[in-house]
Amino acid sequence: MQDIKITIIDREGEEHLVDAPTDMNLNVMEIVRSYELAPEGTIGICGGMAMCASCQCYVLSDHELPEKSDEEEAMLAEAFYVKDNSRLGCQIRITPQLDGLKVQLAPES
Amino acid sequence: MINTDILIIGAGPTGLFTVFEAGLLKLKCHLIDALPQAGGQCSEIYPKKPIYDIPAFPEILAGELVDNLMKQIEPFQPGFTLGERAETIDKQEDGTFIVTTNKGTKHRAPVVAIAGGLGSFEPRKPPIADIVKYEEHGVEYIIRDPEMYRDKDVVIAGGGDSALDWSIFLTDVAKSVTLIHRRNEFRGALDSVEKVQELKNLGKIELITPAEVVDIIGAEKVEAVSVKRNGDIFNRPCDHFIPLFGLAPKLGPIANWGLEIEKNAIKVDNSLDYQTNIPGIYAIGDVNTYPGKLKLILCGFHEATLMCQSAYQRIHPDKRYVMKYTTVGGVEGFDGSKKEAPKAVVKAIE
């Protein structure tokens with residue numbers, strides 16, 4: 001399977017265009033960590049179980065994303081700096097359909 | 001003063017297993033943890049989640065893993081200082097360390113093992129302007145003494161168990177309880193949600209959803225909160241505002257202990273014994289970093305095991321020792337218990 005390109009705007013506002021593999025069951029939070037676009041310990045604290053909101057991001061492109069699970073909805077309801085386009089990065093799995101995805105990391109809280 | 005051989009900071013899986021490995025070497029342990037219970041993240045964040053990569057456990061719930069570890073270390077009678085955060089460390093002339101918690105409890109040990117995971121769990125503070133100004137003046141993130149709220153008007157924010165449970169509890173204490181949450185749905189335990197519904201129907205809890213507190217009003221202390229619902233903003237007079245948005249780990253005071261920090265973690269010598277740049281202070285589990293580090297429970301167990309051998313040498317520099325297998329030596333508890341393999345029965349064939 002092919003890699004896709006996604007754009008991640010880090011918490012300092014810098015834009016990064018990165019390659020993301022579609023065959024390793026990775027998610028957006030893990031891509032951020034693999035490229036070290038946010039300091040360790042400030043993202044993916046719960047490991048990707050939708051049980052913290054440290055990977056909250058704003059989806060800037062109009063890709064069709066998987067529906068939010070109840071767990072993600074609940075977590076976002078208690079997160080800070082939430083907007084209409086907020087998602088938890090750990091709940092967005094990298095698939096070929098997401099080529100060109102653009103997200104911005106929400107502030108650390 | 002609490003005296004011990006190895007003072008462990010952090011009572012998560014790695015810290016707990018350290019007690020076992022130290023116990024085999026006849027070293028006593030005491031653990032400090034900021035949370036009120038042992039287990040670290042496993043108990044606090046995901047007790048009901050299954051873990052699949054603990055060797056020889058095809059599947060185990062995080063909560064069960066902690067229960068099993070507690071059972072495994074029981075013979076070694078560890079001491080616990082729970083609900084207190086390790087704040088300062090002072091090296092003594094005799095080479096021991098004194099670690100003092102935020103509540104002033106002092107612990108002395110020749111070896112300190114930091115097994116603090118991602119740090120101590122601190123309440124998450126909502127990004128409301130000037131909220132810090134009102135801390136201790138009507139804003140509390142943790143309820144320490146419910147009596148504080150007697151006959152007061154209280155506003156609680158949040159949608160999880162603690163928001164629900166405290167709203168229920170305070171209806172018997174406070175003059176009024178208002179619960180504010182961004183959604184109509186609550187993620188807390190079902191019976192808590194039902195109880196809040198019942199109290200709402202009885203007029204004992206006022207529920208404001210979907211809404212959020214966007215501002216705090218008051219000269220010296222909290223006098224009201226500003227609530228935003230469906231685009232409208234209105235003031236809700238109150239004496240206390242209690243945001244209960246769960247806990248998040250922060251490295252906290254250990255970041256100022258003079259330890260070498262990299263990527264929010266403590267650098268250790270992984271080629272030898274997971275010791276930090278300060279001899280006698282080790283860092284094991286998720287809190288440490290070294291080339292190739294993986295934050296896995298099983299790696300924490302390994303690190304704890306090697307660290308204890310080094311700690312033994314440090315505590316007993318003149319004693320020779322080789323590691324004994326538990327299948328051979330059994331487990332001799334400090335409580336007088338002894339577990340060992342049953343002796344084989346040798347029988348002749350006539």
Unmet requirement for B:Pro36, which otherwise passes all of (1) surrounded by fewer than 17 Cβ atoms within 10 Å (Cβ to Cβ); (2) modelled with pLDDT of 95 or more; (3) over 17 Å from B:Ile281 (Cβ atoms); (4) in contact with a strand residue (DSSP E or B) (Cβ under 6 Å, 6 or more places away or on another chain): (2)
Any residue in the range B:86-93 that is at pLDDT 95 or above and farther than 29 Å from B:Phe17 by Cβ? yes
Of the conditions (1) under 30 Å from B:Ala157 (Cα atoms); (2) more than 13 Å from the chain's Cα centre (by Cα); (3) within 14 Å of chain A (Cβ to nearest Cβ); (4) not hydrophobic (A, V, I, L, M, F, W, C), the single one that B:Asn102 does not satisfy is (3)
Of the residues B:Gly218, B:Gly231, only one is within 14 Å of chain A (Cβ to nearest Cβ) and closer than 23 Å to B:His181 by Cα; which? B:Gly231
Kindly evaluate B:Ala174 against the criterion of being part of a loop (DSSP other than H, G, I, E, B), away from chain A (no Cβ under 14 Å) and either in contact with a Ser or Thr (Cβ under 7 Å, 6 or more places away or on another chain) or crowded, with 18+ Cβ neighbours inside 10 Å (or both). yes
For the range A:16-73, how many residues meet the condition of being among the polar types (S, T, N, Q) and free of Cβ contacts under 8 Å to residues at least 24 places away in the same chain? 2
Count of the range B:115-171 residues which are of a type in the set (Asp, Glu) and assigned to a loop (DSSP other than H, G, I, E, B): 5
In the range B:200-214, the residues that are within 14 Å of chain A (Cβ to nearest Cβ) and charged (D, E, K, R): B:Glu212
Filter result (under 17 Å from the mean Cα position of the chain (by Cα) and either assigned to a loop (DSSP other than H, G, I, E, B) or loosely packed, with under 13 Cβ neighbours inside 10 Å (or both)) within the range B:53-96: B:Pro78, B:Gly83, B:Glu84, B:Arg85
I'm checking my understanding of the structure. Among residues of the range A:61-87 that are within 14 Å of another protein chain (Cβ to nearest Cβ) and aliphatic (A, V, I, L, M), which one is surrounded by the fewest Cβ atoms within 10 Å (Cβ to Cβ)? A:Val82
Before we move on, is A:Cys46 within 13 Å of chain B (Cβ to nearest Cβ), crowded, with 19+ Cβ neighbours inside 10 Å and at pLDDT 95 or above? no
Restricting the search to the range B:238-267, which residues are exposed (fewer than 14 other Cβ atoms within 10 Å of the Cβ) and either more than 11 Å from every other protein chain (Cβ to nearest Cβ) or within 29 Å of B:Ile217 (Cβ to Cβ) (or both)? B:Asn256, B:Gly258, B:Glu260
Unmet criterion (only one of (1) of a type outside the set (S, T, N, Q); (2) surrounded by fewer than 21 Cβ atoms within 10 Å (Cβ to Cβ); (3) at positive phi; (4) in contact (Cβ under 8 Å) with a residue 12 or more places away in the chain) for B:Gly158: (2)
What is the residue count in the range B:198-243 for residues that are at negative phi and assigned to a loop (DSSP other than H, G, I, E, B)? 11
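The values are calculated or read from the model by the stated rules, or taken from the named source; none is laboratory data. These numbers come from a predicted model, not from an experiment. Glycine gets a Cβ as well: all are built from the backbone with ideal geometry, and neighbour counts include every protein chain shown.
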